[in-house]
Structure formats: C-alpha cells, structure tokens
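The values are calculated or read from the model by the stated rules, or taken from the named source; none is laboratory data. On a predicted model such as this, the values are computed, not experimentally measured, just so you know. FYI the Cβ positions are ideal-geometry reconstructions off the backbone, even for glycines, and counts take in every protein chain you see.
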Number of protein chains: 2
Amino acid sequence: MRASKLYAPTLREVPAEAEIPSHQLMLRAGFIRKAAGGVYTYLPLAWRTLRKIEQIIREEMDAAGGQEIAMPIMQPSELWKESGRWEVFGEEMFKLKDRHGREFCLGPTHEEIITDLVRNEVRSYKQLPLLLYQIQNKYRDEIRPRFGLMRGREFIMKDLYSFDKDEAGLDISYKKMYDAYTKIFSRCGLVFRPVEADSGAIGGSNTHEFTALAQTGESEIAVCTKCDYAANVEKAESTVLYPEDETELPLEKKATPNTKTIETVIEYLQLPIEKSIKAVAFQDEKDKLICVFVRGDHEVNEVKVQNAVGAISLRMADKEAILAAGGVPGFMSPIGLRKGTVVIVDATVMEMKNACCGANEVDMHYINANPKRDFGEVLVKDVRLMQKGDACPHCGAPVQITRGIEIGQVFKLGIKYSSALRATFLDENGREKPLIMGCYGIGVSRTMAAAIEQYHDENGIIWPRAIAPYEVALVPVNAKNEAQMKLAEKIYAGLQQAGIEVLLDDRKERAGVKFKDADLIGYPVRVTIGPKAVEEDKIEVKVRKTGELVYFTEENYEEGIKALLAKL
Amino acid sequence: MRASKLYAPTLREVPAEAEIPSHQLMLRAGFIRKAAGGVYTYLPLAWRTLRKIEQIIREEMDAAGGQEIAMPIMQPSELWKESGRWEVFGEEMFKLKDRHGREFCLGPTHEEIITDLVRNEVRSYKQLPLLLYQIQNKYRDEIRPRFGLMRGREFIMKDLYSFDKDEAGLDISYKKMYDAYTKIFSRCGLVFRPVEADSGAIGGSNTHEFTALAQTGESEIAVCTKCDYAANVEKAESTVLYPEDETELPLEKKATPNTKTIETVIEYLQLPIEKSIKAVAFQDEKDKLICVFVRGDHEVNEVKVQNAVGAISLRMADKEAILAAGGVPGFMSPIGLRKGTVVIVDATVMEMKNACCGANEVDMHYINANPKRDFGEVLVKDVRLMQKGDACPHCGAPVQITRGIEIGQVFKLGIKYSSALRATFLDENGREKPLIMGCYGIGVSRTMAAAIEQYHDENGIIWPRAIAPYEVALVPVNAKNEAQMKLAEKIYAGLQQAGIEVLLDDRKERAGVKFKDADLIGYPVRVTIGPKAVEEDKIEVKVRKTGELVYFTEENYEEGIKALLAKL
C-alpha cells in the first residue's frame, strides 16, 4: 500500500471527547470515526487490524472443533419471550417493530437463536458435541457509551455456543475454549489473566473472564500475590474477618449531632473505623427495599447483593421507601426496622463486637452493638467487595487489586436455555434430555482497543506484530529525490515479495511529518531510505517498541527485517 | 472436514414455503435456516460459499483501488433528514429509537454515512479519487420477503462508494467498477449480462444492473437479438410505432354495452387490438391522480410513469379519485377529463389514427379518435413496457424478453449526496466544489442464490468450483470396512496436502445415502472409495456437472483431480 492512496486521516490535536489512550490514538491515527454515541466507522487501518484478530480467532476456533456460521442480527421477539429474557434485558436491548408491527431486537447475544436453531435438528447424542460460532456485530444500548471501542453500542464479537450430552462433555468443551482463548490472546500479544467472574444476566454457574491488564480498564480484579488465583472483585469471595475477642457491653443509644456519614460519626465518637457499621439501601426492579450493612471501611458489592436476593436490577433506594420501612436515611440501623424488611448483613459484620451503627432516628447512633445478640433475624451473606490485603480464598496470602479490560468470557450455561426452549436429544439409553450448553465470547473490537491500552507511548501506538495493520513502514526521506524513490520502490517490491506487509510512505511531505505519522500509527518496524541508504548502502531500520536502530544493506535487509519482526 | 462432524442437517422433503430451486435446495441441503420472514441463519456450508464470494469480491475491489472499511449498521436519523431520505424510504426502512428517544435506522444503504465520513476529511483534489467499500448486512423491510435469499429483509451486500473531482474521473471509477464486476461474476462462474437500468430511489442518472440470467428471476430484461444492447424493461426505451397512414374520420361516440375491458370492447366493435387505447389510473404519494393511456396491446411501465411525473411512489387510483376528475372507471378517456388532471399519453398512442377509446360515460366509447387532433393538451411520454419483437433502440433489430436476477448494480450519483450534505473539496484552482460520487453494490447472499438458480438439477446443487463449500466429496462406500477407510484417510490427507478442499464422508450410512447427499449439496467432484479402489487400484471420480466418471490410481489421482477441478 502507498500512503499517498491510504485513507487514514490523522489529527494533530487530541480530540476533547476521548478520555483514554486507545480512544484518543484511534481517532488521531485515523483508525476510527464516530457516527453516533457508541457507534463507529472502522477506517482501513482499523479494519486490517480487526481482520487479523478475527483470523486468529477463526483459526483457533476451527482448531478446537468450532464451525463458523452467521446468525441474524435482527431477532424475533418470540424466542426471547420463550426464554423469559425479553423483559430482563430491559432498556439495554435495542427493540424495533417491522411494518406489520412484529417485534424484533438487535441481538445483544445469541443464546435464544442458536438454541432454536439446533432444537429441531439435533436429535441424538451421536451428533454431540457440537460447537458453532460466529463473528458479528452485537448491540447494547449502554446508558453511557464511552471510551471509544471499549463500551460501544454497536461492537464486534465472536460468540461460540457448545452443546454436549452431559456435564463431563461440557467440562471438555469449556476447557477447549479456555485453552483456545489463552492461545488467541497470546497470539495477539496481549498481557492478560483469566479471572473467576460473576455470570451476570446471561446466567449460568461457572465462568471466567479473560482480562487484559490495564490501568484504564473498567474491571477491578483481585490477584493473589502468591498463588494463581485471580477473580473479578464482583465475584471474589471475601473471607470473614474476625476481630479480637471482647466482652459484650450493653447496647446504648447516643446522641450524635450532624453525623450523617461514617467519617463524621467515628470522629464524633472517637472510634476506629473498623468498629463502625455502614448502611446502604437499594430497591430492586419491583421496588422492593433491600437494606445492606457492611463494616465502615468496606464497600458493598452490588453484584453479590443482587445474587443474594435474586434481583434483576438494583438502584439506590428512595428516601420514601426507607422511611416507610421505619428507617431514617443517614442513620439506618438493622435494629428497629419494620418487620418483613429485607436486611442483609455482611458476614464480617456479624462477627463484630461492641460496634457502632445507626439508630433509625435523626442524629442518633447505637454503640456497643453486638450483631449476633442485637440484630435479630437477618440474612447473613458475603456482600462486600474484596479489598487490597484481603486473604486469598485459595491460599490465604494477601491479594492485590488491579484493573483490567474484559476481552473474553467463557460460561457454563448448563440447561438454562435448552430447558426453557425445550432443546432436547436422546441419550445412549433413548431417554430425552436437555442439551448441556456453554457460551464463549470475545470482544473483537474491544481486543483491538485493549492492545492499544497496553502498547502505546507518548508518540502513538506500538502494535504487536501479529495484529499490526502493516508490519513495516518504508519511508523515503525525500519523495522528490529520484535515487531515494528508486531504492524505496525496489525495497518495497522486495519486502512484498518476501511476504511482508509494507506501507510505502510516498507522500511528498517533510521527513519529520512522515516519521511522526509512522510512530503515531505504530507500525512495528520503520525502514528509512535517506542519503545514507543511497550513498553508503546503509539502510536504517527502527524498531518502534524499543527505539533500537539497526542497519542493513541491500544484500541482507530482507533477512534482517524478517528476524526483527519474528521477535515482535 | 469430516461429514460426521459437519453441521449440515439435510431434509428429505421439499419445504412447502420454498417456491424456487435455490430456496428449496438451500433448505434441503442444510445451507440455511429461517429465523423470521426474510431473515436467515447461514449454516457452515453456506458460510463457506459466502466467504469465498466475499473473498473474490474483496480481491477485485482491492485490485481496482478500493479500500475496505466497515460503517455502522445502526445509523442516526439526522444524516437521513439532511439528505431528505428519512421520509422517502418510508416503510421499507427499519427504524428504531434508543433509550434516550433518539431515532436510528438499520442501514438499507450507506450514501449518507459515507458522505458524512469524508466531508470533514477530504479537502483537496489531491486526495481524489477515493474508493471505499465494505461487505456487510443490509436491511430492507420488504412487504413480502420471499424466495429465500433472493428478497430477504436482512441480507449481505458489498457496497463501494467512489469520490472524484470531476465527471471524467467518475467515468473512470465507473468503468473500473464495471470491469471489476465483470471479473467477479465471471470468477464466480455465473452467466450474466450488464443491463441498462433505472436508478430508482437511490437517485443518479447513469446505471447498469448486473443480471444473472434465470427464469426464476424477478427482473425482466430486453436483450437485442443482434447487438449487445440489454436493458431492464423498466428502463428500456420503447421506440415509437407508426401505423399506416389513414384519412382521419370524424370522432364518434358509440354505445358499447358491457365493455369494461379492452378485450370486450374490441370484440364488440370488431376492431384489431392495435386500434384500441387502454387507460390506467394511478395516485402518487400525495394522492394526486395520474391518468395514463397506452395502446391496447401494450403494458404501462410504472417506473417510467413515476419518473415522468417525479413521483416517489404510485398506487392504483381509487374509484372516487377517478370520478372526481370526471372519469368513469372502465371507460376512461383523455377527452373530457376535468381541467388540471394529469394525463400522460404514450408516444405510440399519439401517432394512432381512428382509434377507439373510452368516453368517460358508462358503456360508451369513442371511435375514430385521432389523438393529435382530439386529445388537447396532454403529456406525451414513452410510458410503455418494451415487448418481445420491439425494435432495439441501438440497432433496430427485434429484442427478446428474458428474465434475470439482479446481483449487482453500478450507479453514477453525481453530486446528489455531496451537495445535500455539503461534501466539498478544493480543486486545482482553489475553488470549492462538491465531490462527484458513484456507488456500486453487489448482493452477496443473492449471488449465492443466483448461482444455484443457474446450476442445479433434479438431484441438487451443482456448484461452480470457485464458490463450492468444498471442492471434493470423498466417499468410502462402507465406513465400517477397514481397508476402505484406511485408503480413504490416505487420500483425504493427500488431497488436503495438495491444497484441495475435501470433505470426507466418514458417516456410517449406506452408500446410497452418502451419494445422494453429495449430489444434493453439490460438491463439484465426488471420489468413491469402494472395493474396486481397494482391490484394483481403480479410484472412481465423478464430475457432478456432467455425470462423467473417470478412474485414477493411487499414483495419479492427485494430478487427475486437480486437472478436473481446473475445468470446473
């Protein structure tokens, strides 16, 4: 490709709306353009990278026994009503009607469609296992689409669905995908961790997220400092913390003027924060109140709360709802709430001694609360977020909290969809059984963005070779110089002949502009054709990642560049 | 690939809803499954064929200087309102709203999006020509989706858009695409004709449809029996027919009881049909009445009528509208209609002598009508459909009418979108000018269906080699026979080694079932491994297209099969 023809409009300024490096750099380097909030056009450079990622995925899916298909993006509502998810997805699902008034959605995922596809055609255990996948646009109406391709409303995903005759078969399919994902992200050059995760709205019981480590990531993950345990903090099981033993003192109500927050009340009472209990009140999708209590220095894990009560969604509770239950916002207490109110107390809180908590009266707190003695009938659950220094649930060593980008997820679905949609088969004994399913997604466009988050510097992107739009940028210093252009054309032809993807920057721009663009776009290797190359047979090759400069001759540049690329 | 693993559920019965061979065979051979009206899942075999067609398209687009991108399927309404097409597309466009109430459509085409993309970034004539394309799902809410992939509501298209600095540049881009299309459809093995066509709702002035010839096609095309003229009948210019000269007789009104149709009136009056004038009344999108008159043996061409009056859509006129204009349904006449009524008279009618036409009274007709003398002020236009035997507008030889499937279309758009969306550039003299555009589509999924319409027999599909899902079916007669399976595995490995795409039918089915499936799915070549192969080193190879049987040995089968495939 010649840069004079390439459609890659670069920007000198950092676009104001772009908050994270991948978004800024993809706009600046001419990879993407916004069409609407969370909806992008992929320009030629981005499309080349995406097609390389897709090809890596395709090869590994095929190697693991997957067969590629393409399911519709436009999905009839009937199947979603059959599975019960038409309402569950709520506003996150784009819905539309056709000219006859029939309802459709734009597929956020494809469990319903694929289950419908196989339910009439897979009849015998002999047809199993079956692994079908596609690479395709997906749609989610995010409240706040942001971070460019990280959280878009139209995005590219690979989704594979496995069908097995039993749990043992599912374990094998799951393992195959887990291993294939490890290969895919390794081949893409990413630094990642498979982490234990929560299964969210898709359902199912066993799941790992493949997380690319990056400080700009939206996922918080707990990583053991000793063993290989890693888990999304939403999922990570917090261990129960036991305080030193104390004699239980009598419960006492105290006036605590102007102490609506934990910070103010512990200061007023001169207590360590570990002696305080914090309240957070939610309402679920049916407006039911849920009061949650964690230790003052802990944070409530909403996902755990949601799972604990089987809620579909949670929001912060209205003042009115709290008052109606006998609570007082800012001074909520498990003691004295109206009977029948859902109260969840974190397991660590349950072990506390002589603690301070609200008293359900304005400017009043209890001290010397002893939950086991004073709280009555409550739901005790692990509902806090894991924190730095908490014990690893596998080995007990302290964990660290780091951030990452979820780029893939593997799920064991079991019979959730096959039983809802009656997708059955006949086993070896002729008995009808529901298919055992798994589903496995990769965010293709997000993987591209994650790679940029991991590989960039102040000058631009630094592509891992496997997913670079071109491997080599070939830059004649002066495109008006005949000798330089002649040599550049010769090397251009030579590199292409050698199967190397090369972009010839034949633009009549200053060398500085061309070097800057090469750095910004992030080609792994830059070859410079200037006077030295023409006069001294010294061809300068710069490695984008290290800045290293190497010199080759017309004799050995091909081999030399191949060797350099092999290491990138 | 092994047939025992391949997900290609075949059906014994012809599905009731499928009317044409491609639809029937794709369902029966396990290529597609319906998800909703006009919405399909592509199973592995179809997906392989589609990806081959896509790859052929991609190679030719790239060779012609095209750059691949991917634009959004979900498009904001603002751009469509800017171009004025938000309303024009009407019910054929799928529309939806996001959670904030913002309007979007599912792209039926991408002129607006691409014009918006380049309008801010292409500034100079030096950046032109620019050719950008994508291969992607498109959406049209057809009133009656039918014929499987022929007229779907979700379908795959390649669309390329060209931007030039002047008409001469557009001519070059258009020619490049015209030639690329010729290569693409030739490489796919199709029998096709580029035909002159009408530009429809997309707009623009110069256009060709690439039409795959097939009796099941929905397009009617007029093809000259002598020169290379071919045109869609909607577009084909009909020549004016001049009758023999006659003395004009006086206009006379005659009672013609029970003669609401042309057939009854000519029988009653004992006139040849060429002496009669037929009326058809339409109403446009604003309910305006349009009365059209053609010769009794001719048919009205609605597209020409629509273009003649600049209407967006036409429907048959209501009885009330006709009466309000002074007409009488069944007896309409250009003579005596209320002033201001739009009357279009076909150019051939205008030359008629002493003809018969309605009299705007029940059971009454005029005879000896001489349009030039009697019809007053009317719009004279070519508004009839070209018929078999009409004169070719290029050479005068008679035309034939044949049918075909529109698989591609090339359009000169000119400045229609660039002026509406203000997409301008600076020319050599620093003057701001609108970009000159062209657009070029290929129905990818429809091309697959068209190939089946052209290549099938009573036993199934007969794929052209270039787009066959696999090139060779390798069939051990008895999969339980060890010697046969051993040889089959050896040849399977050998063919794969030789770069041939082969499906090994390792299923433990009767040979007859496997042969039937091979014919149904339509692999170009079938290799049979039976006793003869094992015992006599005679490997039977059957060519699906001709039924020809050839025998090879273990020594020469690879070369032999390659040579056979090269001819298919």
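Those residues that are among the charged types (D, E, K, R) and closer than 18 Å to A:Ile156 by Cβ, I need them from segment A:97-145; list them, please. Break it down stepwise before answering.
Going residue by residue through segment A:97-145, those that are among the charged types (D, E, K, R) are A:97-99, A:102-103, A:111-112, A:116, A:119, A:121, A:123, A:126, A:138, A:140-142, A:144.
Answer for segment A:97-145, where residues must be among the charged types (D, E, K, R) and closer than 18 Å to A:Ile156 by Cβ: A:Lys138, A:Arg140, A:Asp141, A:Glu142.
Do you know which residues across segment A:71-113 are surrounded by fewer than 20 Cβ atoms within 10 Å (Cβ to Cβ) and in contact (Cβ under 8 Å) with a residue 60 or more places away in the chain?
A:Glu82, A:Ser83, A:Gly84, A:Val88, A:Phe89, A:Gly90
I'd like to check something: does segment B:120-133 contain any residue that is basic (Lys, Arg) and in contact with a helix residue (DSSP H, G or I) (Cβ under 8 Å, 6 or more places away or on another chain)?
No, segment B:120-133 has no match at all.
Within segment A:276-315, track down each residue that is surrounded by 20 or more Cβ atoms within 10 Å (Cβ to Cβ), not aliphatic (A, V, I, L, M) and not in a strand (DSSP E or B).
Residues satisfying the conditions are A:Gly296, A:His298, A:Asn301, A:Lys304, A:Gln306.
So that you can scan it fast, the table gives a plain yes or no per residue for (1) in contact (Cβ under 8 Å) with a residue 12 or more places away in the chain; (2) closer than 15 Å to B:Lys542 by Cβ; (3) polar (S, T, N, Q):
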{"site": "B:Arg446", "(1), (2), (3)": "yes, no, no"}
{"site": "B:Val475", "(1), (2), (3)": "yes, yes, no"}
{"site": "B:Asn478", "(1), (2), (3)": "yes, no, yes"}
{"site": "B:Met485", "(1), (2), (3)": "yes, no, no"}
{"site": "B:Ala498", "(1), (2), (3)": "yes, no, no"}
{"site": "B:Val502", "(1), (2), (3)": "yes, yes, no"}
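In segment B:316-414, which helices (runs of 4 or more DSSP H) lie fully inside it and hold 1 or more residues that are under 33 Å from the mean Cα position of the chain (by Cα) and of a type in the set (Ser, Thr, Tyr)?
B:347-350
Would you check if there is a residue in segment B:77-91 being more than 9 Å from every other protein chain (Cβ to nearest Cβ), β-branched (Val, Ile, Thr) and under 25 Å from the mean Cα position of the chain (by Cα)?
Checking segment B:77-91: at least one residue is more than 9 Å from every other protein chain (Cβ to nearest Cβ), β-branched (Val, Ile, Thr) and under 25 Å from the mean Cα position of the chain (by Cα).
From the set of residues in segment B:35-70 that are among the charged types (D, E, K, R) and free of Cβ contacts under 8 Å to residues at least 12 places away in the same chain, which is farthest from the other protein chains (Cβ to nearest Cβ)?
By that ranking, first place goes to B:Glu59.
Among the candidates A:Phe185, A:Phe155, which residue alone is away from every other protein chain (no Cβ under 14 Å) and either more than 13 Å from A:Arg446 (Cα to Cα) or of a type in the set (Phe, Trp, Tyr) (or both)?
Sole residue among the options that is away from every other protein chain (no Cβ under 14 Å) and either more than 13 Å from A:Arg446 (Cα to Cα) or of a type in the set (Phe, Trp, Tyr) (or both): A:Phe185.
Counting residues that are under 26 Å from B:Gly38 (Cα atoms) and among the β-branched types (Val, Ile, Thr), which strands (runs of 3 or more DSSP E) fully inside segment B:108-196 reach at least 1?
B:130-139, B:154-164
Kindly list the number of the only condition in (1) under 25 Å from B:Val118 (Cα atoms); (2) surrounded by 21 or more Cβ atoms within 10 Å (Cβ to Cβ); (3) not small (Gly, Ala, Ser) that fails for A:Leu11.
Here A:Leu11 meets the rest and fails (2).
For B:Val265, indicate whether it is surrounded by 18 or more Cβ atoms within 10 Å (Cβ to Cβ), at pLDDT 95 or above and not aromatic (Phe, Trp, Tyr). Outline the logic, then answer.
On the way: surrounded by 18 or more Cβ atoms within 10 Å (Cβ to Cβ): yes; at pLDDT 95 or above: no; not aromatic (Phe, Trp, Tyr): yes.
Considered against the rule, which asks whether it is surrounded by 18 or more Cβ atoms within 10 Å (Cβ to Cβ), at pLDDT 95 or above and not aromatic (Phe, Trp, Tyr), B:Val265 comes out as no.
Got at least one residue in segment B:103-114 being over 21 Å from the mean Cα position of the chain (by Cα), among the polar types (S, T, N, Q) and more than 7 Å from every other protein chain (Cβ to nearest Cβ)?
No, that holds for no residue.
I need a count of the residues in segment B:509-530 that are surrounded by fewer than 24 Cβ atoms within 10 Å (Cβ to Cβ), closer than 18 Å to B:Tyr492 by Cβ and either among the hydrophobic types (A, V, I, L, M, F, W, C) or in contact with a Cys (Cβ under 8 Å, 6 or more places away or on another chain) (or both).
Total meeting the criteria: 2.
For B:Asn120, only one of the following conditions fails: (1) facing chain A (nearest Cβ under 9 Å); (2) at pLDDT 95 or above; (3) more than 28 Å from the chain's Cα centre (by Cα). What is its number?
Single failed check for B:Asn120: (2).
Sort out for me the helices (runs of 4 or more DSSP H) sitting completely within segment A:479-568 that have 3 or more residues that are of a type in the set (D, E, K, R) and within 27 Å of A:Leu43 (Cα to Cα). Break it down into steps so the answer makes sense when it comes.
Values: elements: A:482-497, A:511-521, A:531-536, A:557-566.
Once the helices (runs of 4 or more DSSP H) in segment A:479-568 are filtered for at least 3 residues that are of a type in the set (D, E, K, R) and within 27 Å of A:Leu43 (Cα to Cα), what remains is A:511-521.
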